[in-house]
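Colleague: Handing you a structure now.
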Amino acid sequence: MVIIGLIVFILLIVYVLQLREWRKAWEKEPVHIPSSDVAKVSVIVALHNELKHIDDLINSLLQQYIAINEIIFVCDKCDDGSDVYLKRLILDRRDCKLIINDGRPGKKEAQRLGIEAASNDIVAFIDADCSLPQWWLGAIASFHCKHRPDLLIAPVFMRGDGSTFEHILELEFLALQMCTAGAALCGTPFMCNGANLSLAKAVYMRHDCKSQYVSGDDMFLLADIKKGNGKIAYVKSHDAIVTTDTPSTLFEYFRQRTRWLRKATGYTDMKVISVGMLIFLINAAVPLLFVLSFVDSVYFALLVVVFFTKFIAEYKLLKAGEAFWRIIVDFASVFILAIVYPLNVMFIAILSLFRNPKKW
């Protein structure tokens with residue numbers, strides 16, 4: 001009992017201190033205000049069967065206050081008519097290109113084709129199911145002009161339909177985003193999201209994309225740039241937030257999360273591995289202590305301490321981002337998330353073992 005208690009207590013302290021460090025870094029960082037000094041950016045959209053999202057995406061891109069001079073769509077093995085529809089939409093537009101990936105399938109291969117066709121020194125990746133605020137390009141391009149990062153991590157928000165289920169999914173994704181931002185602002189980035197990522201074209205061309213994984217374009221890119229001591233930054237700007245929908249069903253949710261986790265077997269960055277293990281172990285400790293509490297009541301007391309200490313640290317981190325992300329971080333929803341999430345982590349870890357890493 002003593003050994004288990006000591007291990008869990010150490011994990012808890014490390015976890016709480018890590019969340020506190022990320023929260024303080026977030027609170028200290030000033031908000032970036034877009035300026036008129038901007039770098040030229042090529043926007044690349046690699047897509048696979050996204051016909052239902054194309055109209056919203058193009059409207060978001062073409063309504064930017066700062067006009068995008070190059071948008072490159074790369075259709076990867078689309079069989080829903082996305083390529084035909086896009087070709088018709090952009091037929092007379094000189095600022096848009098359409099590339100059909102008939103070679104090796106996968107998002108990373110599609111992005112590579114887009115990169116090679118880009119004429120600007122800075123490229124930005126966005127996902128086809130995202131919508132953009134009208135100052136998105138201004139925020140991204142002005143940050144690149146001012147700070148010249150090799151890789152720029154930008155915020156992503158998952159928007160639900162207002163139901164309790166999807167609000168909890170919003171909060172769960174918000175936790176990922178706050179950890180992403182906090183770690184990057186501390187100078188120790190370990191996570192990013194390919195739905196809103198930009199970088200120097202020359203940096204990407206030197207990148208090892210690990211093509212055996214169809215997913216992970218963002219994480220492997222981050223790890224490779226870190227390995228080369230590249231400059232990695234985070235843009236804290238509400239204008240830079242891209243928005244996507246939360247998964248509408250549990251099946252879609254688990255499919256998305258297992259796809260994300262399946263690529264973890266390719267990680268070699270010790271920061272990614274150590275943080276991932278810390279989060280997994282502290283969450284796994286909750287159901288473990290619950291089971292052990294039936295054996296000895298002392299474990300129940302330890303469970304109460306771990307659960308509420310962990311919950312308070314997580315609640316504070318989410319609350320710190322409430323105003324920026326314009327989301328309601330209510331006590332009840334975060335409490336429900338704190339109960340469900342440890343089981344969720346365990347379940348996704350098991351499911352990911354059966355996930356095919358070669359499928360979108």
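Colleague: Would you mind working out the accessible area per residue for the chain, using a 1.4 Å probe, and quoting it in Å²?
Modeller: Heavy-atom SASA per residue in the chain reads 47 Å².
Colleague: Among (i) 44; (ii) 35; (iii) 40, which one is percent of Cα pairs over 31 Å apart computed from these coordinates?
Modeller: Recomputing percent of Cα pairs over 31 Å apart here gives the entry labelled (ii).
Colleague: Rounded, prolate or oblate: which fits the range 59-124, taking a ≥ b ≥ c as square roots of the Cα gyration tensor eigenvalues, rounded meaning a/c under 1.5, else prolate when a/b beats b/c?
Modeller: Cα axes put the range 59-124 in the oblate bin.
Colleague: Among residues other than Ser42 whose Cβ falls under 12 Å from its Cβ, what is the net charge (Lys/Arg +1, Asp/Glu -1)?
Modeller: That works out to -1.
Colleague: If you count only protein heavy atoms and use a 1.4 Å probe, how large is the accessible surface of Glu21, to the nearest 10 Å²?
Modeller: Roll a 1.4 Å probe over it and Glu21 shows about 100 Å².
Colleague: Next question. For Ser293, what accessible surface area do you get with a 1.4 Å probe? Give it in Å², rounded to 10.
Modeller: Looks like 20 Å² after rounding.
Colleague: Related question: Take Phe335, Phe251, Phe307 and sort them by solvent-accessible surface of the protein heavy atoms, 1.4 Å probe, largest at the top.
Modeller: Output order, biggest surface exposure first: Phe251, Phe335, Phe307.
Colleague: Let me ask something else about it. Enumerate the helices in the chain for which the Kyte-Doolittle hydropathy averages 0.5 or more and the C-alpha atoms extend at least 24 Å along the helix's axis, using complete DSSP H runs.
Modeller: Membrane-span-like by this rule: 2-28, 164-185, 270-292, 297-320, 331-352.
Colleague: Also: Kindly sort Val16, Val45 by accessible area of their heavy atoms, largest first, with the probe set to 1.4 Å.
Modeller: Val16, Val45
Colleague: Rounded to the nearest 0.05, what FRET efficiency do Ala349 and Ile328 give with R0 = 25 Å and r taken as the Cβ-Cβ distance? Could you check?
Modeller: It comes out at approximately 0.25.
Colleague: Next up: Out of the total accessible area of the chain (probe 1.4 Å, heavy atoms of protein only), what percent is carbon and sulfur?
Modeller: 61
Colleague: What are the extents of the Cα atoms of the range 93-236 along their three principal axes, in Å, largest first?
Modeller: Cα extents, longest axis first: 43, 33, 33 Å.
Colleague: Mind jotting down the three principal axis lengths of the range 239-343 based on Cα atoms? Whole angstrom, largest first.
Modeller: 51, 36, 30
Colleague: To continue, here is another question. Does the range 9-101 come out rounded, prolate or oblate, given a ≥ b ≥ c as the square roots of the eigenvalues of its C-alpha gyration tensor, rounded meaning a/c under 1.5 and, failing that, prolate meaning a/b above b/c?
Modeller: In terms of gyration-tensor shape, oblate.
Colleague: Using a 1.4 Å probe on the protein heavy atoms only, what accessible surface does Lys226 show? Give it in Å² to the nearest 10.
Modeller: Using a 1.4 Å probe on the heavy atoms, I get roughly 50 Å².
Colleague: For Arg93, Arg326, Arg20, write out the residues from largest to smallest accessible area, computed with a 1.4 angstrom probe and no ligands counted.
Modeller: Per-residue accessible area, sorted high to low, gives Arg326, Arg20, Arg93.
The values are calculated or read from the model by the stated rules, or taken from the named source; none is laboratory data. Because the structure is predicted, anything quoted here is derived from the model rather than measured. When we count neighbours, we look across all protein chains shown, and the Cβ atoms used for this are built from the backbone with ideal geometry, even at glycine. Just the protein is used for accessible areas: all its heavy atoms, side chains included, with ligands, DNA and RNA removed. Shrake-Rupley method; radii C 1.70, N 1.55, O 1.52, S 1.80 Å.
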